[in-house]
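Participant: Pasting a structure below so you can have a look.
The values are calculated or read from the model by the stated rules, or taken from the named source; none is laboratory data. On a predicted model such as this, the values are computed, not experimentally measured, just so you know. Cβ sites come from the backbone with ideal geometry, for glycine too, and all protein chains shown count toward neighbours. Ligands, DNA and RNA are stripped out before the accessible areas are found, and what is left, the full protein with its side chains, is counted by its heavy atoms. Shrake-Rupley method; radii C 1.70, N 1.55, O 1.52, S 1.80 Å.
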Amino acid sequence: QDKTYLIPNGKNSVFTQNNIFVCLNSSGLNILNPKTGKHQIIKDAITYEYSKIKDYLLILNHSPELKDKLIIQAPEGNVLKVIADVYKFSLSPDQENLICCVSKNNEYSILHINLKSIDKEHWLSFHGKDSYENFTWQKQGKSVAFISKADQKIAGSLFYYNLETKKIFNLNHSVFPNALKEALIPADSNLKLTISNDLKRVLFSVKYK
């Protein structure tokens, strides 16, 4: 017998490998098993991603009363890992790697996790004063670029992380050549970054003072 389920104003919907239906609406993250009718709602979820390669849901929770957190769980509810104080995250195009932005006591850190071994944590930066924006992945997910942004400052720094070598590089306007001595990397969340296929170049725009 056919069944009909109604989830008002659902968005960002996906069916998982085992045909679990997931979507966001004003009530939170809806997780529905159409076969059994089991319907779970995670009320404080503000965004999520689904990794098909591991069949994981990555759920960002925000609550005024509780700390922000990222939950990694199986679609039907088995929680595998909780990362506290995450305010933003980015999933690689191959859905295998995760970058988390962590904020605690007005200090910011970047965490890399490979979803094939979620218990291993690799910190790219730790307890800095700048927040991070513009996470841009190389199209196969082999590297990621992003910028740092300090409050009340117009200049940012560019970071580039190679997942294969686990090396991170940092560039700011203080090391620009003389021809660009009046230029800076804008601390702008709309700044477009592009990573070359050979992983050796990052293209970005500059702004003149």
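Participant: Here is a check on your reading of the model: is L32 hydrophobic (A, V, I, L, M, F, W, C), modelled with pLDDT of 95 or more, touching a Phe, Trp or Tyr at 6+ places or on another chain (Cβ under 9 Å) and closer than 30 Å to Y132 by Cβ?
Facilitator: no
Participant: So the check is Cβ under 9 Å with 6+ separation or different chains; which pairs have a first residue in segment 169-194 that's among the basic types (K, R) and a second one that's in a helix (DSSP H, G or I)?
Facilitator: Cβ pairs passing all conditions: K181/H173.
Participant: Which one is modelled with the highest pLDDT among residues in segment 134-191 that are open to solvent by less than 80 Å² (accessible area, probe 1.4 Å) and on the phi > 0 side of the Ramachandran plot?
Facilitator: Within segment 134-191, the match that is modelled with the highest pLDDT is G141.
Participant: In addition: With respect to the numbered conditions (1) touching a residue at least 24 places away in the same chain (Cβ under 8 Å); (2) open to solvent by less than 30 Å² (accessible area, probe 1.4 Å); (3) over 15 Å from S90 (Cβ atoms), which one is the sole condition not fulfilled by S131?
Facilitator: Single failed check for S131: (3).
Participant: Mind listing just one residue for me: the one in segment 119-154 that is touching a strand residue (DSSP E or B) at 6+ places or on another chain (Cβ under 7 Å), among the acidic types (D, E) and assigned to a loop (DSSP other than H, G, I, E, B) and, of those, farthest from L199 (Cα to Cα)?
Facilitator: Per the stated criteria, the residue is D130.
Participant: Considering only segment 90-97, I want to know if a residue exists there that is farther than 19 Å from Q140 by Cβ and either out of contact with any Leu (no Cβ under 6 Å at 6 or more places or on another chain) or without any contact (Cβ under 8 Å) to a residue 24 or more places away in the chain (or both).
Facilitator: As a first pass, look at segment 90-97 and keep what is farther than 19 Å from Q140 by Cβ: none.
No, there is no match, as no residue in segment 90-97 is farther than 19 Å from Q140 by Cβ and either out of contact with any Leu (no Cβ under 6 Å at 6 or more places or on another chain) or without any contact (Cβ under 8 Å) to a residue 24 or more places away in the chain (or both).
Participant: Would you point out the residue of segment 155-166, among those that are within 19 Å of the chain's Cα centre (by Cα) and assigned to a strand (DSSP E or B), that is farthest from S205 (Cα to Cα)?
Facilitator: The qualifying residue farthest from S205 (Cα to Cα) is N162.
Participant: Considering segment 36-95 alone, what residues qualify as being charged (D, E, K, R) and either under 30 Å from D2 (Cβ atoms) or outside any strand (DSSP E or B) (or both)?
Facilitator: K38, K43, D44, K52, K54, D55, E65, K67, D68, E76, D85, D94
Participant: Continuing with this model, one more query. Could you check, for segment 36-53, whether at least one of its residues is touching a residue at least 60 places away in the same chain (Cβ under 8 Å) and open to solvent by less than 30 Å² (accessible area, probe 1.4 Å)? Steps first, answer last, please.
Facilitator: Initially, segment 36-53 is screened for residues touching a residue at least 60 places away in the same chain (Cβ under 8 Å), giving 51, 53.
Now drop any that are not open to solvent by less than 30 Å² (accessible area, probe 1.4 Å), which leaves 51.
Checked segment 36-53: at least one residue is touching a residue at least 60 places away in the same chain (Cβ under 8 Å) and open to solvent by less than 30 Å² (accessible area, probe 1.4 Å).
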